[in-house]
Amino acid sequence: MKVTETKLKGCFIIEPAVFKDARGYFFESFNQPKFEALTGASGHFVQDNQSASTYGVIRGLHLQKGEHAQAKLVRVIEGRVLDVAVDVREGSETYGQWVSVELTAENNLQLYIPRGFAHGFSVLSETAVFAYKCDNGYNKESEGGIRYNDPTLGIDWGIPAGDENISEKDAVLPFFK
């Protein structure tokens, strides 16, 4: 497993060792002791989620606040997405900055997003199956978010204007400032 810290402290790109042969491939998608040793983050996840989406869907930017904040380890099982993490930790040197990484079923990359970040992704392929581990359970009263097209953040989701598919709930999230 190769771990690379992004420009946002505590946010890591994880590349598993993939073993391929004529039959297909095998890789270890998660190993708690290795994960903790290489990232310094807790690998104690309590909830796994999965979503299926079609081209142009943008989900996010979402977060859980306070005691219900969540760290996430995300990956793509099928298709291709652009995954985005935004640092919303007040006082952080990178507050308001974001990173994106293309996660695909072929590259098997994962992104670890610590607590204190907003998260979202856009679907770049015809369909995508997205999986993520969370270190804290979902709590509706602790939901928060930032509108996907926030002008201050200026995120390029890789989806042409007019092709976005946004939920009603995400379309009315507040702007960053």
Would you give the gap between the C-alpha center of region 122-172 and the C-alpha center of region 50-90, rounded to a whole Å?
-> 7 Å
Highest-fluctuation residue, 34, 20, 65 considered, GNM on the chain with Cα pairs under 10 Å | 20
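Please identify the GluC sites (Glu not before Pro) of region 23-130 that satisfy two criteria: DSSP loop assignment and at most 16 other Cβ atoms within 10 Å. Which are they? Please report the intermediate quantities before stating the final value.
Numbers: sites: 28, 36, 67, 78, 90, 93, 102, 106, 126; in loops: 28, 90, 93, 106, 126.
Sparse-neighbourhood loop GluC sites (Glu not before Pro): 28, 90, 93, 106, 126.
Using just the Cα positions, wrap region 1-100 in a convex hull and report its mean projected area in square nanometres, one decimal place. Provide the component values of the computation, followed by the final result.
Numbers: hull surface 32.5 nm².
Answer in nm², one decimal: 8.1.
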Anyone know which of 81, 129, 46 comes out most mobile in the 10 Å Cα GNM of the chain?
-> 46
Got a sec to turn the phi values of region 100-115 into Karplus ³J(HN,Hα) couplings, 6.51 cos²θ - 1.76 cosθ + 1.60 with θ = phi - 60°, whole Hz, x for Gly and Pro?
-> 9, 8, 7, 10, 9, 5, 7, 8, 6, 5, 10, 10, 9, 10, x, 4
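Which value in deg cm²/dmol, rounded to the nearest 500, describes the helix-derived mean residue ellipticity at 222 nm for the chain, given -39,500 (n - 2.57) per DSSP H run of n ≥ 4 and division by the residue count?
Taken over the chain, the calculation gives -1500 deg cm²/dmol.
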Give 7/34; 7/65; 34/72; 20/133 a once-over and call out the pairs whose C-alpha atoms are over 19 Å from each other.
-> 7/34; 7/65; 20/133
From zero up to wherever the largest Cα-Cα distance of region 45-171 sits, split into 10 Å bins and tell me the percent of pairs in each.
-> 13, 46, 35, 5
What order, most packed first, do the peptides 52-63, 110-121, 147-158 have when packing is the mean number of other Cβ atoms within 10 Å of each residue?
-> 110-121, 52-63, 147-158
Let me have the relative contact order for the chain, percent, based on Cα pairs under 8 Å that are six or more residues apart.
-> 29 percent
Set of aspartates and glutamates with alpha-carbon distance to residue 9 below 16 Å, sequence-local pairs under 8 removed = 36, 87, 90, 93
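Every number in this text was worked out from the coordinates using simple rules, so none of it is lab data. Owing to the predicted nature of the structure, the values given are computational and were not obtained by experimental measurement. Note that each Cβ is placed from the backbone with ideal geometry, even for glycine, and that neighbours are counted across all protein chains shown.
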